[in-house]
Each structure stands twice: as C-alpha cells, then as structure tokens.
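J.: One structure coming up, written as structure tokens, with questions to follow.
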Amino acid sequence: MAITALVGGWAALSGGGGATPDTAFGPPRLVDETSAAGIDHVYDGDFTFYVGGGVAVFDCNGDTLPDIYFAGGENPASLYRNQSEPGGALSFAKVSGETTDIGQVTGAYPVNIDGDEHADLVVLRLGENVVLRGLGDCQFERANEAWSMPGGDAWTVGFSTTWEGDSLRPTLAFGNYLHLDEAGQQFGGCADNALLRPDIDGYQETLLAPGWCTLSILFSDWDRSGSRDLRMTNDRHYYRDGEEQLWRVVEGEAPRLYTRQEGWHKMQIWGMGIASQDVTGDGLPEVFLTSQADNKLQTLEEGADGPSYGDIAIRRGVTAHRPFTGDEVSPSTAWHPEFQDVNNDGFVDLFVTKGNVEATVGYATADPNNLLLGQPDGTFVEGAEGAGILDTARSRGGALADFNLDGLLDLVYVNRREGSRLWRNLGSDEAGHWLSIDLQQGDGNRNAIGAWIEVMAGDHLITRELTIGGGHAGGQLGSTHFGLGPAEEAEIRVQWPDGETTAWMTVGADQFVTLERGAAQPETILEPNR
C-alpha cells in the first residue's frame with residue numbers, strides 16, 4: 001500500500017511538534033444563537049422529504065467566513081451570508097434570489113467545478129438536480145446546460161466527487177433513493193445511481209446498477225493506493241437482496257462493484273450517512289455508518305489485501321443505538337455523522353444527528369443528537385448534555401464549522417418540520433491549541449480534493465483526507481480544522497492528490513494558514529485573538 005512510504009517518516013519526527021496531547025478535555029459549552037444570528041429556516045414536506053434535509057457550508061463571497069445553504073424540501077432552499085465579527089456573536093443575513101431559492105431541495109454540496117476562485121454548488125432535489133456556478137458575492141447562475149451536466153429526474157439525496165487522473169474537471173456521483181410515480185408514491189423499488197464523467201463534449205452519464213436505495217456516498221482512497229473508490233450506504237427498508245456497496249472507479253475503465261473474492265463482505269443496514277476518519281492511528285480511514293439502532297464503525301481487517309472490513313463500534317463506544325438520556329428505551333435513528341475536534345484537545349470527536357423518520361413505531365421519538373468525545377485510548381464518551389445541546393427535534397443534516405473564526409468549531413443542523421439550529425462554541429474549561437489549514441493548487445482541482453494532511457503534535461499524529469461527499473445530504477468546502485491540545489506548534493505534511501508529498505513543515509498554533517502547492521511554508525491568513 002502507498003501508506004508504507006509515509007509511515008517511515010513518522011518516527012523521525014517523534015516529539016517534533018511540541019507538547020503531546022495526552023488528556024481528553026471535557027465538552028465545550030455551546031449556546032443557541034439561532035434567532036440572534038438571524039437564522040430562520042425550516043425543512044418541511046411529507047413522504048418524499050422524510051430523508052434529506054442537508055446543509056452546505058462554504059465561503060461564497062471570499063471573506064473567509066463560512067456561509068450556509070439550507071435544503072428546504074417543500075419550502076424554498078435558503079442561502080445565508082455570514083457577517084459575524086471574528087471572535088464575536090454569530091450573525092447571518094439571508095441572500096434571496098430565484099437561482100438559489102428553489103424548491104424540492106433535499107441537500108447540497110459545495111465544490112469548485114470550473115477551477116476559478118469561486119465555489120460552485122451542487123443542489124440535490126426531488127426531480128432535476130441543479131448545478132449552480134459561483135459568480136462571487138454569494139451570487140450564482142444555473143450551469144447545467146453550459147457544462148452539459150444532465151440533472152436527471154430521480155429522488156437524489158447522496159453526492160460525492162473526485163478528480164480522475166489529470167482531468168481539470170471533476171467526476172460527479174449521485175446517490176438516488178426510491179423510484180416514484182407521477183403522484184410521488186413509491187413504485188418499482190430502488191433507483192439506480194449515476195456517475196457523470198467529463199469528456200470532450202461535457203459530461204457523460206453512466207448508471208451504477210443495481211441501486212439499493214442509496215442515502216449517502218463518498219469517494220475515498222480507503223487503502224492509500226492512490227485510487228479513490230465510491231462507497232455507498234443503502235436503506236435496507238426498501239430492498240431484500242441488496243447490501244452496502246463499494247464501487248471500484250479507475251480512470252479509463254467502467255466502474256464495477258468489489259466482489260466477495262476481493263474481500264467485500266455483505267452487510268445490510270438502514271444506511272443513512274457516512275463519515276470517514278483515521279480513528280486507530282494507522283494512517284488509514286475508518287468509516288462510520290449511521291443507521292437505525294445499528295451504527296457501524298468499520299475498520300480494515302488485519303492483513304486485508306482488499307476491502308475486508310470489521311466492526312469496532314462497540315469496542316470504541318460509538319454504537320449510539322439508544323437515546324443517552326431520558327426515559328426512552330426504543331432504538332435510535334441516526335442520520336448525519338461528522339468527525340471533528342470540538343474541544344481542541346487533539347482527539348477527534350464524533351457528532352451524530354438523531355431523529356425519528358416521522359412517527360415510526362418501535363423507534364425513539366425523543367432522540368437527542370450525540371456529541372461523542374474522543375479519548376486518548378481511542379474510545380469515545382458522550383458529551384452532548386454537558387455541552388448544553390440537548391434537542392429532541394427530528395434532526396437531519398448538519399455541519400461543524402468555525403463560523404466566527406475564533407478557532408472553535410460551531411454547530412449548525414437541520415430539523416425536520418422545525419427550525420434549523422445554530423450553536424456558538426464558547427470553548428471548554430481547558431483551552432487547547434488548534435490549527436486550520438487550507439490547501440490550494442493551480443490545476444482544475446483547486447482545493448486539492450483527495451489530498452491527505454498529516455499533523456504531528458508532539459508524538460501524536462492526526463491524519464485527514466480531503467473529501468467532498470458523505471454525511472447526510474450536505475457537506476463543506478474550506479479549511480480543515482485540527483485540535484492540538486497543549487502543543488503550541490505542529491509539524492505538517494501534505495500528500496497531494498497525485499501522490500506528491502511535501503517535506504514536513506513547522507507551523508505555529510492558533511492560526512488559519514493556506515498552503516499553496518510548491519510553497520516551502522504555509523502562509524498565515526488570520527491569527528484570531530479570543
């Protein structure tokens with residue numbers, strides 16, 4: 001595996017990043033600033049919007065502050081420009097327009113498709129998916145026709161993207177759910193998924209069949225081989241013979257499913273969302289899959305030559321299969337998973353949204369979201385109640401992002417048929433250091449999607465893969481946040497999407513930096529005082 005070449009460099013840097021994180025911090029204190037910040041949005045609708053409800057987080061006007069785009073279901077989608085003061089209270093202003101305020105939206109993902117300085121937006125819908133080209137100043141124009149991208153007419157909830165070979169344009173994958181008739185009722189089982197690959201005439205569509213009612217998809221270099229394959233998590237409620245899927249996607253070849261002979265194990269869950277993160281410290285990503293009472297944390301089996309995964313959710317304390325508080329004993333329903341370090345102690349945490357599908361008998365109705373705090377031994381403990389974010393609304397998509405640029409990750413999530421929520425992070429009792437890294441390169445893949453960032457804080461290594469996709473119906477584009485605990489500086493190294501790897505660089509903590517490909521050292525963008 002390609003990871004072997006990288007492992008050899010770790011020992012030489014032991015202790016090179018200052019103090020080593022060795023103590024887990026308590027939960028941060030989060031305060032609800034939804035109303036004060038000006039957020040007023042509801043994801044609504046009947047059966048066809050039971051799933052979805054995603055949120056996209058990205059900078060749409062170039063001021064470094066992350067902006068928000070909410071799916072609306074039967075309500076119009078909403079774009080909010082961030083106007084928060086660094087280190088201060090959260091503040092947003094709604095940006096209305098015919099291009100963005102469209103209906104039937106289940107989710108959205110930011111991605112820079114044309115390689116210019118403006119992020120674009122892929123909007124997932126019940127019906128035609130719409131691609132919006134960013135024009136700057138949070139303005140967009142429809143680009144389906146200009147970029148020859150078919151929008152289809154499916155019920156789409158999942159999305160992911162990658163760049164194949166030296167292509168200047170991304171390959172786009174769409175995860176579709178159920179076949180519907182003209183009245184919006186289920187018929188004919190699950191829809192096939194779609195892969196759009198760029199060619200000289202624009203984009204050509206390939207169906208990924210069979211589809212098994214897909215709700216989340218993610219391109220990831222799961223074995224660090226340099227090839228990014230497409231994982232799909234599927235809702236077993238609507239199939240009998242289906243399963244989870246991993247598609248092998250290689251430039252110049254037709255995509256195909258991995259087989260039992262290659263190590264892929266059959267697994268059937270009520271698949272809702274995907275999150276990927278190296279939890280075990282071996283440089284390879286684990287995969288967290290949300291479901292109903294059966295959440296999985298999958299890791300490659302020891303000695304595996306192919307995609308042979310085993311489950312370590314119980315061992316790591318992330319099953320999250322029932323509400324952690326209250327009198328409910330019925331199973332949970334989990335949706336959006338996201339790995340981030342919310343308390344800056346150097347140990348990655350896991351946020352999971354929860355909520356009954358609608359009024360499903362046998363499943364919890366008072367089902368608060370989880371904030372699972374990472375520990376030095378690789379396990380997780382619940383911290384949502386201590387953080388003050390108990391909420392029993394039916395949550396769907398979400399995002400952890402630094403909305404006021406103070407080095408602390410704030411929280412936004414969508415609730416079904418209730419107002420979306422925005423929480424400001426005020427920090428924990430212990431003040432950990434942090435680093436936010438933005439990668440830039442000159443080719444079409446401007447944001448270096450598919451790169452790996454390694455951060456050494458003392459003897460502690462944190463590894464992150466830059467991806468677009470996964471979650472539940474929404475994602476982010478922008479800087480990557482690392483908690484450093486007591487370390488006042490860190491060593492960082494980047495493996496670019498084509499495999500070229502930088503030398504290790506020493507970077508001071510508590511700042512936002514941009515690393516341009518070819519530069520010897522990152523450039524400081526912002527050093528907040530908080």
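J.: Condition first: in a strand (DSSP E or B) and either open to solvent by 10 Å² or more (accessible area, probe 1.4 Å) or of a type in the set (Lys, Arg) (or both). Now tell me which residues in region 404-425 satisfy that.
T.: Selection gives 416, 419, 421, 423, 424.
J.: Being hydrophobic (A, V, I, L, M, F, W, C), open to solvent by less than 60 Å² (accessible area, probe 1.4 Å) and closer than 22 Å to residue 432 by Cα is the filter here, so list the residues in region 486-530 that pass it.
T.: Correct list: 487, 490, 492, 505, 507, 509, 512, 513, 526.
J.: Now for a different question. Testing residue 483 on (1) among the small types (Gly, Ala, Ser); (2) touching a His at 6+ places or on another chain (Cβ under 9 Å); (3) surrounded by fewer than 23 Cβ atoms within 10 Å (Cβ to Cβ), one condition comes back false. Which one is that?
T.: Single failed check for residue 483: (3).
J.: When residue 234 is evaluated against the numbered criteria (1) more than 24 Å from residue 379 (Cα to Cα); (2) open to solvent by 10 Å² or more (accessible area, probe 1.4 Å); (3) out of contact with any helix residue (DSSP H, G or I) (no Cβ under 6 Å at 6 or more places or on another chain), which criterion, by number, is the only one it fails?
T.: The one condition residue 234 does not meet is (2).
J.: Please pick out the residue among 275, 293 that is modelled with pLDDT under 95 and among the aliphatic types (A, V, I, L, M).
T.: 293
J.: Something else now. Inside region 54-126, counting only strands (runs of 3 or more DSSP E) that do not spill past its ends, which hold 3 or more residues that are hydrophobic (A, V, I, L, M, F, W, C) and out of contact with any helix residue (DSSP H, G or I) (no Cβ under 6 Å at 6 or more places or on another chain)?
T.: Hits in region 54-126: 55-58, 105-111, 120-125.
J.: Does residue 268 fit the bill of being outside any loop (DSSP other than H, G, I, E, B) and either free of Cβ contacts under 8 Å to residues at least 40 places away in the same chain or under 27 Å from residue 363 (Cβ atoms) (or both)?
T.: No.
J.: Just the residues that are open to solvent by less than 30 Å² (accessible area, probe 1.4 Å), over 19 Å from the mean Cα position of the chain (by Cα) and of a type in the set (Gly, Ala, Ser), please, taken from region 427-470.
T.: 427, 428, 432, 444, 457, 458
J.: Follow-up. If I ask for residues that are part of a loop (DSSP other than H, G, I, E, B), modelled with pLDDT of 95 or more and either at positive phi or among the charged types (D, E, K, R) (or both), which ones from region 426-441 would you list?
T.: The one that is part of a loop (DSSP other than H, G, I, E, B), modelled with pLDDT of 95 or more and either at positive phi or among the charged types (D, E, K, R) (or both): 427.
The values are calculated or read from the model by the stated rules, or taken from the named source; none is laboratory data. Note that this is a predicted model, so its numbers are computed, not measured. Virtual Cβ from ideal backbone geometry, glycine too; neighbours counted across all protein chains shown. All accessible areas refer to the heavy atoms of the entire protein, side chains included, with ligands and DNA or RNA removed. Shrake-Rupley method; radii C 1.70, N 1.55, O 1.52, S 1.80 Å.
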